[in-house]
Every structure is written in structure tokens, then in C-alpha cells.
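S.K.: Would you mind keeping the following structure in view while I ask a few things?
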Amino acid sequence: MSDFTAVSALFSGTDIFVIPTFQRPYFWEDAQWDDLLRDIRFAAGRLKTNWNTTHYFGTIHTIKVEPDSQLFETFTDQENQDIKILRESNFVLNGKSHNVHLVVDGQQRLISFYTLLEHCQHLEDRFISGDPFIPKLILNPRTDHAHWRYLLKLDKTEPVLETKSQKRLHTMFETYKRQTGFTNGTPEHQFLIRRNATIMWVELAPGMTLSPFLTFNDRGKDLAKLDKLINHWLQPVVD
């Protein structure tokens, strides 16, 4: 299954995204954040003259897992407290059955978009209420996820910053806080919550091998230029 999906819709339903253990930790830095913010500002500007304009922000690949599936057991950190809650509940939380997806490609985009949406406007549907609240995006390793929970104001105690990826997550939040255009009601926010901000969501078929993603994913490789080229191809000739 593959479809163009609104960025804001990714986290508003019953889908939960889990970064698997074979993915490297978060590695975006200033260059990638600036690039994304510039793209959003450009797209928001185009929206003023063409209400139907669409902007494409690349692709994510996921594979759906079940509570008893080998993929879920093998490629998630079973000591992560939020993963434990998911497993013990059989993915049924607050009376709702949730779809859990391993993110085999595109975690950088997901983490960055989730953070941006939170800075623009906090919405409870990006979390699963309970004790504790669970974000609909669960990071790996568990030390990063602990810091992610703190940054999302789910936990009060700040973990010690021990890894580069934790520091990158912290810096990303601080960077987005300084962006005056990314607050509730701004043109950038209005663009992000519309269906005009799209991402290609590719859901891999059950049983499909993950070998290509284990060996040829975007670990450290810059795919931004390719995504930008595809986006230009998808833009209408006349606004």
C-alpha cells in the first residue's frame, strides 16, 4: 500500500510509529532543519496565491506488526517502557485497537515533523492518554526515547545528555522554539495542518523482507536533493 498522506494526519489517528532497533539514532542537524524550515516557508508563501498548491516532503516506508509477531519482538527494544505497555496491552489502549508500524525508512522526517507540529500547537491526539501518556512516535534507543518524552513534556526529570543523538534532539527543539513563524495560527502552521503538505507513505506488504533496508537505507546519506527534484516534478506548471 502506498498513498500521498497529509503530514498532520500521520499522528492524528490510531497509528503508532516505532523506530526499530536496526535504525541509526536521530542524526539531522542545522543544515537539514534549515532546509526543512525553508521548504515550509516557501510552500506557505505559495499557498497565499494558490490555495490548492501541494508540496511533497519525501517518502516514508513502514511495515505493520502485530503484538506477537517476530518483527515486533526482534526489532524493538522490549525494555523500553512504552514498548512494554504496547506489548502487554496487545495494542489495545483506552478501548481502541491501534496499528503499530516499524519505520524502516524516513525516521528523520517523522521526528522533525512531529516536533514542528508540537511547537505550532499541542494536540492530545498525537498522544495516547493513560498512565503514562504515550507519544504516537516511539524512538530508539530507549535513552533517546526517554529524552524525547522529556522534551514533549511527558516526564519532568531531564535525562543526562550522554549521546550525540540526544543532544541533536535537544538542539532541534531549541532551534524550532526560535522560529517565530512556527506558532499556532501562522501561515506556516496553517500550511502544515492542511492536506497540501503531503508525504508518500509506503506500507510494505506483510512478510516482505527487510534486507534492503537493513543494508541500503539512508544511514547518513543525504537524500534531500533527490526529494527536492521529485517535488519540482510534482509541482504544477502554472500556479
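S.K.: In region 164-198, which residues are out of contact with any strand residue (DSSP E or B) (no Cβ under 7 Å at 6 or more places or on another chain), on the phi < 0 side of the Ramachandran plot and small (G, A, S)?
M.R.: Hits for region 164-198 are S165, G181.
S.K.: I want to confirm something. Restricting to region 50-70 and keeping residues that are surrounded by fewer than 17 Cβ atoms within 10 Å (Cβ to Cβ) and not small (G, A, S), which single residue is nearest to A205 (Cα to Cα)?
M.R.: From region 50-70, those surrounded by fewer than 17 Cβ atoms within 10 Å (Cβ to Cβ) are 50-52, 66-70; that's our starting set.
Pick out the ones that are also not small (G, A, S) and you get 50-52, 66-68, 70.
Numbers: N50: 37, W51: 35, N52: 32, E66: 13, P67: 17, D68: 17, Q70: 15 Å.
The selected residue is E66.
S.K.: Another question, if that's okay. When region 31-66 is examined, which residues are found to be of a type in the set (K, R) and within 22 Å of E174 (Cβ to Cβ)?
M.R.: Here is the first cut: in region 31-66, the residues of a type in the set (K, R) are 38, 41, 46, 48, 64.
Matches in region 31-66: R38, R41.
S.K.: Is one or more of the residues making up region 33-51 of a type in the set (F, W, Y) and under 25 Å from I134 (Cβ atoms)?
M.R.: Keep residues of region 33-51 that are of a type in the set (F, W, Y), which gives 33, 42, 51.
Adding the requirement that they be under 25 Å from I134 (Cβ atoms) leaves none.
No, the conditions are met nowhere in region 33-51.
S.K.: Can you tell me which residue within region 1-32, out of those that are out of contact with any Phe, Trp or Tyr (no Cβ under 7 Å at 6 or more places or on another chain) and aromatic (F, W, Y), is nearest to V202 (Cα to Cα)?
M.R.: F4
S.K.: Something else now. Would you check if T183 is at pLDDT 90 or above, part of a loop (DSSP other than H, G, I, E, B), closer than 23 Å to V7 by Cβ and among the hydroxyl-bearing types (S, T, Y)?
M.R.: Values: at pLDDT 90 or above: yes; part of a loop (DSSP other than H, G, I, E, B): yes; closer than 23 Å to V7 by Cβ: yes; among the hydroxyl-bearing types (S, T, Y): yes.
Here the answer is yes, as T183 does meet what is asked.
S.K.: When you look at D34, is it within 22 Å of K164 (Cβ to Cβ), free of Cβ contacts under 8 Å to residues at least 40 places away in the same chain and charged (D, E, K, R), yes or no?
M.R.: Here the answer is yes, as D34 does meet what is asked.
S.K.: Please go through region 200-217 and pick out each residue that is modelled with pLDDT of 65 or more and surrounded by 15 or more Cβ atoms within 10 Å (Cβ to Cβ).
M.R.: Residues of region 200-217 modelled with pLDDT of 65 or more: 200-210.
Residues satisfying the conditions are M200, W201, V202, E203, L204, L210.
S.K.: Let me ask another. When you check T14 against the structure, is it modelled with pLDDT of 90 or more and touching a His at 6+ places or on another chain (Cβ under 9 Å), yes or no?
M.R.: Working: modelled with pLDDT of 90 or more: yes; touching a His at 6+ places or on another chain (Cβ under 9 Å): yes.
Yes: the conditions hold for T14.
S.K.: Among the listed residues D125, D131, identify the single one that is at pLDDT 90 or above and not aliphatic (A, V, I, L, M).
M.R.: On the way: D131 fails: at pLDDT 90 or above.
Criteria check complete, one pass: D125.
S.K.: Please go through region 87-133 and pick out each residue that is closer than 24 Å to K167 by Cβ, among the aliphatic types (A, V, I, L, M) and touching a strand residue (DSSP E or B) at 6+ places or on another chain (Cβ under 8 Å).
M.R.: V103, L110, I111
S.K.: Of the residues in region 45-68, how many are outside any strand (DSSP E or B) and touching a strand residue (DSSP E or B) at 6+ places or on another chain (Cβ under 9 Å)?
M.R.: Residues of region 45-68 outside any strand (DSSP E or B): 45-54, 66-68.
Those left that are additionally touching a strand residue (DSSP E or B) at 6+ places or on another chain (Cβ under 9 Å): 46-47, 54, 66-67.
The number of residues fulfilling the criteria is 5.
S.K.: Being touching a Lys or Arg at 6+ places or on another chain (Cβ under 8 Å), surrounded by fewer than 21 Cβ atoms within 10 Å (Cβ to Cβ) and in a helix (DSSP H, G or I) is the filter here; which residues of region 9-35 pass it?
M.R.: A9
Condition check ((1) touching a residue at least 60 places away in the same chain (Cβ under 8 Å); (2) surrounded by fewer than 20 Cβ atoms within 10 Å (Cβ to Cβ); (3) among the aromatic types (F, W, Y)) across all residues:
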| site | (1), (2), (3) |
| --- | --- |
| I138 | yes, no, no |
| P141 | yes, yes, no |
| V160 | no, yes, no |
| L192 | yes, no, no |
| R195 | yes, yes, no |
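S.K.: Restricting to region 89-125, and then to whatever is in a helix (DSSP H, G or I) and of a type in the set (S, T, N, Q), can you tell me which residue is farthest from the chain's Cα centre (by Cα)?
M.R.: Going through region 89-125, the residues in a helix (DSSP H, G or I) turn out to be 89, 107-120, 124-125.
Checking which are of a type in the set (S, T, N, Q) leaves us with 89, 107-108, 112, 115.
Details: S89: 23, Q107: 6, Q108: 7, S112: 6, T115: 8 Å.
By that ranking, first place goes to S89.
S.K.: Right, next: Taking the condition surrounded by fewer than 20 Cβ atoms within 10 Å (Cβ to Cβ), in contact with a Phe, Trp or Tyr (Cβ under 9 Å, 6 or more places away or on another chain) and outside any loop (DSSP other than H, G, I, E, B), does D39 pass?
M.R.: On the way: surrounded by fewer than 20 Cβ atoms within 10 Å (Cβ to Cβ): yes; in contact with a Phe, Trp or Tyr (Cβ under 9 Å, 6 or more places away or on another chain): yes; outside any loop (DSSP other than H, G, I, E, B): yes.
Yes.
The values are calculated or read from the model by the stated rules, or taken from the named source; none is laboratory data. Everything numeric in this text was worked out from a predicted model, so none of it was measured. Positions of Cβ are generated from backbone atoms using ideal geometry, with glycine treated the same way; all protein chains shown enter the neighbour counts.
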